[in-house]
Amino acid sequence: MFARQLIRIPQLSRGLATHANPGLAIPATLHLKSGQSFKGTSFGAPKSIYGETVFSTSITSYTESMTDPSYRGQILVFTTPMIGNYGVPANKAPFDSKDVGVVLESQGVQCAAVVVGDVAEKFSHYTAVESLASWCKNHNVPGITGVDTRAITRLLRDQGTTLGRVAIGADVHLPTPQDHEYWDPSLENLVDQISTKTPYQLNPTGSIKIAVLDFGAKANIVRSLVRRDAAVTVLPWNYDFNSIRDQFDGLFLTNGPGDPAHCLEAALKLRQTLEEWNKPIFGICMGHQIIGMAAGLDAYRMTFGNRGHNQPVLALASAGSIKAGRVYVTSQNHQYALKLQDPFPMGWEPFFINCNDSSVEGIKSTIDSGKKVWGVQFHPESAGGPLDTIEVSLISLLVSCGYWTHHLR
């Protein structure tokens with residue numbers, strides 16, 4: 001009798017899950033510019049859309065990925081078979097010394113569309129307020145379920161990131177798009193579309209003043225700074241920081257979407273900063289590429305980029321808790337990287353390198369340069385992903401600015 005009750009417990013817990021109410025099945029098709037098509041069923045917004053088809057190997061944190069501004073303009077394919085099983089939380093938080101107005105990584109869904117093998121028809125989590133399908137619909141983002149995401153991922157790995165179209169409803173019966181009809185988001189300055197238009201402050205009474213150049217920042221970047229008692233001033237991506245730099249103890253360059261070549265203006269302004277300013281500067285993802293371009297390195301487009309929470313990077317130099325020769329697991333989302341060249345520009349050295357594809361994962365100023373500048377291609381602050389390298393980024397920046405370590409615990 002007791003054994004029978006134990007068997008019923010999983011059935012009871014599953015019965016407590018909330019139904020997503022999928023409604024009537026609407027046909028959907030993912031067309032790739034390379035000629036392949038994948039048929040499935042629609043969820044989310046019933047609209048067709050073009051974008052750049054990419055894949056992510058992350059197995060959790062689909063809400064954080066979808067609200068990451070670096071996915072702007074992209075059709076996001078999740079390799080994890082089931083997505084949506086824990087729903088979506090309310091995305092509101094206060095503006096104070098702990099939070100920055102949102103729970104996730106931005107106000108809305110940033111990717112153009114999502115492609116999943118199996119969207120959950122039930123969801124269960126104590127913070128969930130709606131299903132993935134209803135969330136996408138509310139933010140006018142289409143989705144496809146019931147397709148072979150493994151086959152799509154293999155294609156993208158072999159041929160590289162590919163332009164695509166998500167066709168919904170009656171549009172699935174239209175002819176396959178011609179090559180000239182596909183929209184390439186990398187041709188546009190996506191950073192200018194997503195960056196703040198006016199400066200604003202967070203936690204203005206903080207103990208140390210950090211300026212943040214916003215190339216499409218994830219909320220957890222500024223959230224992590226605020227929670228470590230930094231007074232943060234967020235600036236547009238092309239703001240003339242040199243005109244106000246003496247007001248700050250350090251400069252932070254954030255992540256962002258698209259081709260860094262569109263942000264040459266920011267790189268040229270940063271070059272002046274590097275030459276004339278001796279305070280700490282740190283960059284993540286797009287910010288790392290901007291620092292590299294300002295230092296004299298070139299950026300290039302990778303075949304399929306790195307997107308996931310399990311990218312291994314090898315430390316080539318020691319700094320703080322980071323030890324040369326050790327491998328760290330990191331969270332990443334990028335299509336572009338800095339070129340590894342020999343010799344490196346004077347006053348600079350590679351900091352991290354990717355263990356899978358040998359791409360540059362970090363650079364830093366040399367000790368002889370007298371500067372305190374470094375950048376990493378990955379996301380040390382995660383959201384989602386591991387926190388193995390958090391000390392090389394946010395904490396190191398604040399310590400370098402003169403902030404005492406015991407304040408950071």
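The values are calculated or read from the model by the stated rules, or taken from the named source; none is laboratory data. All values derive from a computational prediction rather than experimental measurement. All Cβ positions, glycine included, derive from the backbone under ideal geometry; neighbour counts span all protein chains shown. Each accessible area value is taken on the protein alone, full model and side chains, heavy atoms only, with ligands, DNA and RNA left out. Shrake-Rupley method; radii C 1.70, N 1.55, O 1.52, S 1.80 Å.
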Given the DSSP H assignment, sum -39500 (n - 2.57) over each helix run of at least 4 residues in the chain and divide by its residue total; what's the result at 222 nm in deg cm²/dmol, nearest 500? -5500 deg cm²/dmol
If I compute solvent accessible area with a 1.4 Å probe over the protein chains, what percent of it on region 190-401 is carbon and sulfur? 49
So if I place +1 on the C-beta of Lys and Arg and -1 on the C-beta of Asp and Glu, and nothing else carries charge, what would the dipole magnitude of the chain be about its Cα centre? I want it in debye, nearest 20. 1120
5 Å is the cut-off here: which amide hydrogens, built 1.01 Å from N in the peptide plane, fall below it relative to Phe43, excluding neighbours closer than 5 in sequence? Gly143, Ile144, Thr145
Over region 190-401, average the accessible area per residue using a 1.4 Å probe and give it in Å², no decimals. 36
Take the Cα gyration tensor of region 27-187, multiply each eigenvalue by 5, square-root it, and list the three semi-axes largest first, rounded to whole angstrom. 27, 17, 14
With every protein chain kept in place and ligands, DNA and RNA left out, what is the accessible area per residue of region 27-187? Probe 1.4 Å, answer in Å². 42
If I take R0 = 35 Å and measure r between the Cβ atoms of Asp342 and Arg157 in this structure, what FRET efficiency does the formula 1/(1 + (r/R0)^6) give, to the nearest 0.05? 0.80
Extension reserve of the Asn278-Leu264 stretch, reckoned as 0.36 nm per residue once the Cα distance is removed: 2.9 nm
Additional length obtainable on full extension of the chain from Gln247 to Asp118, 0.36 nm per residue less Cα span: 41.3 nm
Calculate how steeply helix 149-159 sits against the longest principal axis of the alpha-carbon atoms of the chain, using the helix alpha-carbon long axis, and give the answer as 0 to 90 degrees to the nearest 10. 40
Trp183 - accessible surface, heavy atoms, 1.4 Å probe, Å² rounded to 10: 80
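Compute the whole-percent fraction of alpha carbon pairs in region 190-401 spaced more than 25 Å apart.
Percentage above 25 Å: 29.
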Between the alpha carbon centres of region 309-387 and region 34-68 the gap in Å comes to 29
Tell me, what is the 1.4 Å probe accessible area of Tyr62, in Å² to the nearest 10? 10
Obtain the nm distance between the two label points defined at Gln201 and Asp229 by a simple spin-label model: each point lies 7 Å from its Cα along the Cα-to-C-beta direction. 1.8
Using only Cα atoms and rounding to the nearest 10 degrees, what angle (0 to 90) does helix 2-15 make with the longest principal axis of the chain? 70
May I ask which of Lys92/Lys371; Lys39/Lys92; Lys47/Lys339; Lys218/Lys371 have a Cα-Cα span longer than 32 Å here? Lys92/Lys371; Lys39/Lys92; Lys47/Lys339
Calculate how many DSSP beta bridges within the chain are antiparallel, expressed in % of all such bridges and rounded to the nearest 5. 60
Residue by residue through region 118-125, what is 3J(HN,Hα) from phi via Karplus (6.51 cos²θ - 1.76 cosθ + 1.60, θ = phi - 60°)? Round to whole Hz and write x for glycine and proline. 8, 7, 5, 8, 10, 9, 8, 6
Asp298 versus His173: modelled label distance in nm, points set 7 Å from Cα along the beta carbon direction: 5.0
Heavy-atom accessible area order for Arg72, Arg326, Arg223, largest first, 1.4 Å probe: Arg326, Arg72, Arg223
Tell me the angle of helix 286-295 to the major Cα principal axis of the chain, expressed in degrees between 0 and 90 and rounded to the nearest ten. 30
